[in-house]
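Written below as structure tokens is the structure these notes are about.
No value in this document is a laboratory result; all are computed from the given coordinates. What you see is a predicted model; the values in this text were computed from it and never measured. Here the Cβ positions follow ideal geometry from the backbone for every residue, glycine too, while neighbour counts run over all protein chains shown.
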Amino acid sequence: MPFVRNSDLPGVRNYNELAALLKKRYGDRFSVCHLIDVGSGGKRVHSPADGTGCVICDGTGGAPLVSIDNGLQDEKRRVTVMSYPIIMTDRGTLVDYRKGVWEKGSYTDSRSSSSTCAALNHHSVYCGVSSSVKNYLGVSDLSGGPDPFRAGRLIGDYYNFHSFPFNGNAKALSPACSGRRSDIS
């Protein structure tokens, strides 16, 4: 998709062209990885031993339970869980976004870093502004879509991060953002 605004780099009209420019500039130090939500055909994994994919922190398969709920009851209750990717770099390095580089069946002390593009979007009077909070969360699976009233579930009874605070056609966010969370180590 071409950039509509916010592109001031000559010859860069979309993310693929930006990736090509960065690859040319940084060589093997730069990798591009296309992430696909589990609900759209991506692979759910529980650790780097399973290969690349998305870890959903619902407490199954050895993954931790990392959840937050909105504190409400009955049909208004919503709970979401964290998710994160395990990717392969262009050099064949397997990187777990939570624990780091994985080689020969265990984690190493090797460093890895990632870059994200901050976004400030206005999604209408129904959703308001989403901002760099997405950068704080990192990369999360949004399977199920944005609307909690039309799917919006990541897995089981857990809503994805996008649908968790969305309150349908009400012109305000749900109380989901003032929830309680579980801890992760």
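The table below gives the values:
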item: Tyr15 versus Asp90: modelled label distance in nm, points set 7 Å from Cα along the beta carbon direction; result: 1.7
item: Full-stretch length increase - Asp50, Thr108 - with 0.36 nm per residue and alpha-carbon distance subtracted; result: 19.2 nm
item: Residues Ile56, Ile86, Ile155 arranged by fewest to most Cβ contacts within 10 Å; result: Ile155, Ile86, Ile56
item: Under 14 Å from the Cα of Lys23 - aspartates and glutamates, other chains or at least 8 residues apart; result: Asp90
item: Extension gain, Ser7 back to Lys23 (0.36 nm per residue minus Cα-Cα distance, nm); result: 4.0 nm
